[in-house]
Amino acid sequence: MSWADIYPWEPPAAGGPVTRHVYDQVRGAIHAGALKPGGRLPSSRDLAARLGVARASVVAAYELLSAEGYVTARRGSGAYVSGDLSGVLDLKAPRAEPAPEPPPELPSRARELDGLAFPPPTAPEARMFSNGRTLMDARALDAWAKSTRRALRTLDPVHFGYSDPRGEPRLRAAVADYLRAARGVVCEPDQVIVTAGAQHAVDIALRVLLAPGDPVWMEDPGYQPTWHALDAAGAQTHAIPVDASGLDVAAGVAAAPRARLAFVTPSHQYPLGVTLTMGRRLELLAWARAAGAWIVEDDYSAEFRYSGPPLASLQGLDGGERVIYVGTLNKALFPGLRLGYMVAPRSLVAALAKARALTDRQPPTVTQAIVLDFMESGQFAAHIRRRRLAYRAQRDALAQALRARLGDRVEVDVPDQGLHLMAFLRDGQDDLAVQEAAARRGLYARAISPLYRKAPARPGLLLGFSGFPARGMAAGVARLAEALADLD
């Protein structure tokens, strides 16, 4: 690859030596690293036209550069930067850099964000038991490829300009149809806002609903990126304990009765996997109505329930008046997709759409077109049905292997929904030490104790099963057993 075609070539000064000017520019670009070894140079005719000089001057400069070893001419192909510059360029010598000036003092918000405990950019998602992975079978991949080809063959004019920040109308209509059928969400297409995922939706909601210092309920333990987003927004976040029935609403009322907002994962609480009972759901909605509060319902794994009927969404129970429903296609399909959605109460649609436009202008139209085709062709529903069966088998294989190999060391909590399960440590062992030992064995067994804020932490491991075939679970658990043995 070469950037020579877009390099800012400068015409020579009037009256100056033209050949030397061309020679110095090409040589300087090579020394600066802007033109890499093996990269194609502009043709002599093209470069002469850009510089407004005679072609003979460029040819002469190329010949001089070739004689010195900077340029190689290929018959019928053109001129290239030499593949081996060792004779003319000390590639290992450090470039002379001016002494750096001291950087300006970081703003307080920058220091706060810098201190957040985010995973490194090379997070170990490919390691066994990571909960950041999904699978697509050959049928889904083939259907996705066909949807991609159809979307690219019929590039709509919308792709060549700016479009609705809420997302393409047909995709929003398809999402609304899906949510009404699958989750009992009460919505129309104009209430759907397409986002880059659940976390993007959370950020948008915070920008619209909160002022610094506003009290907020957050599950304890809870999803760490949401905690970080609340901290960054300056919220007064109250850690509300979670028990076997889900968020303890009475504890929330006692801690912050006039909270502005409550964040919940009612269908499959993150990380514990418990379900918010119907009694608690009604209690939470009654509190929100009385307090004039809003609820953000993060339904991040709504598609994957393995027993019993689908649970009613909070948004559907509320009728869509004060619950912002958040979902994602990144877990239904694959995390690299970066598409999710939020369903907004009508009173908030305009404000949330404008906040979305300020943060990211609009979702990518080509990606939306591919997803729309995948949904309208029936492939999305078929993929979800197959994945539900496959993930259930993967879940069961993992639970069986854990009980068979580590039944004396862990208590396995098998969820009815979701993409991970909990393995609580029976002996109260330090789950962070187990996480580190598992990492040395090539596993990603996430300790949950850091996800607690105030509630007494129960040591355990969050084990993802959605990204790994059932046949590999026993081997993964064997390595986890070795990791635990390393600590004995």
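Read-outs: derived from the displayed coordinates by stated rules, not from any lab. Since we're looking at a predicted model, the values are computed, not measured. Every residue, glycine among them, receives a Cβ derived from its backbone with ideal geometry; neighbour counts consider all protein chains shown.
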Original post:
Based on the alpha-carbon gyration tensor of the range 4-81, what equivalent-ellipsoid semi-axes (square roots of 5 times the eigenvalues) come out, in whole Å, largest first?
Top reply: 18, 14, 12
Original post:
What angle, in degrees between 0 and 90 and rounded to the nearest 10, separates the Cα long axis of helix 278-291 from the longest principal axis of the Cα atoms of the chain?
Top reply: 70 degrees
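Of the listed peptides 389-395, 11-17, what is their order by residue-averaged count of other C-beta atoms within 10 Å, with the highest listed first? Mind dumping the intermediate values first?
Values: 389-395: 18.6, 11-17: 10.1.
Packing proxy ranking, top to bottom: 389-395, 11-17.
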Original post:
Based on the mean of other beta carbon atoms within 10 Å per residue, what is the order of 321-334, 59-72, most packed first?
Top reply: 321-334, 59-72
**OP:** Let me know the shape class of the range 183-253, please: from the alpha-carbon gyration tensor, a ≥ b ≥ c as square roots of the eigenvalues, rounded when a/c is under 1.5, otherwise prolate if a/b is greater than b/c, or oblate.
**Re:** oblate
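Could you give the dipole magnitude of the chain about its Cα centre, charging the beta-carbon of Lys and Arg +1 and that of Asp and Glu -1, in debye to the nearest 20?
Values: 57 positive and 51 negative charges, 274 e Å.
Using only the charged Cβ atoms, the result is roughly 1320 debye.
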Original post:
Once both axes come from the Cα atoms, what is the angle between helix 18-32 and the longest principal axis of the chain, in degrees from 0 to 90, rounded to 10?
Top reply: 30 degrees
**OP:** Could you give me the radius of gyration and the Dmax of the range 307-460, taking only the C-alpha atoms into account and expressing both in angstrom?
**Re:** 20.1, 55
**OP:** Find how much the distance from ARG149 to ALA67 grows on full extension, using 0.36 nm per residue of separation minus their present alpha carbon separation; answer in nm with one decimal.
**Re:** 24.7 nm
**OP:** Provide the per-residue ³J(HN,Hα) series for the range 40-56, in order, calculated from phi with Karplus coefficients 6.51, -1.76, 1.60 and θ = phi - 60°, each as a whole number of Hz, with x at glycine and proline positions.
**Re:** 6, 8, x, 4, 4, 5, 5, 5, 4, 5, 5, 8, x, 10, 6, 4, 4
Original post:
Using the C-alpha atoms of the chain, what convex hull volume per residue, in cubic angstrom, is computed?
Top reply: 224 Å³
**OP:** Only Cα pairs under 8 Å and at least 6 apart count here; give the relative contact order of the range 4-81 as a rounded whole percent.
**Re:** 35 percent
Original post:
Where does each of 160-167, 337-344 land if you order them by average Cβ count within 10 Å, highest first?
Top reply: 337-344, 160-167
**OP:** With a ≥ b ≥ c taken as the square roots of the eigenvalues of the C-alpha gyration tensor of the range 232-326, please select rounded if a/c is under 1.5 and otherwise prolate if a/b is larger than b/c or oblate if it is not?
**Re:** prolate
**OP:** Please say if the range 136-379 is rounded, prolate or oblate, where rounded means a/c under 1.5 for a ≥ b ≥ c the square roots of the C-alpha gyration tensor eigenvalues, and otherwise the choice is prolate for a/b larger than b/c and oblate otherwise?
**Re:** prolate
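Per DSSP H run of n ≥ 4, the term is -39500 (n - 2.57); total these for the chain, divide by its residue number, and report the mean residue ellipticity at 222 nm rounded to 500 deg cm²/dmol.
Working: 16 runs with 198 residues, N = 488.
Value at 222 nm, helices only, nearest 500: -12500 deg cm²/dmol.
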Subject >> Kirkwood-type radius of the range 382-486, with distances r between different C-alpha atoms, in Å >> reply: 14.0 Å
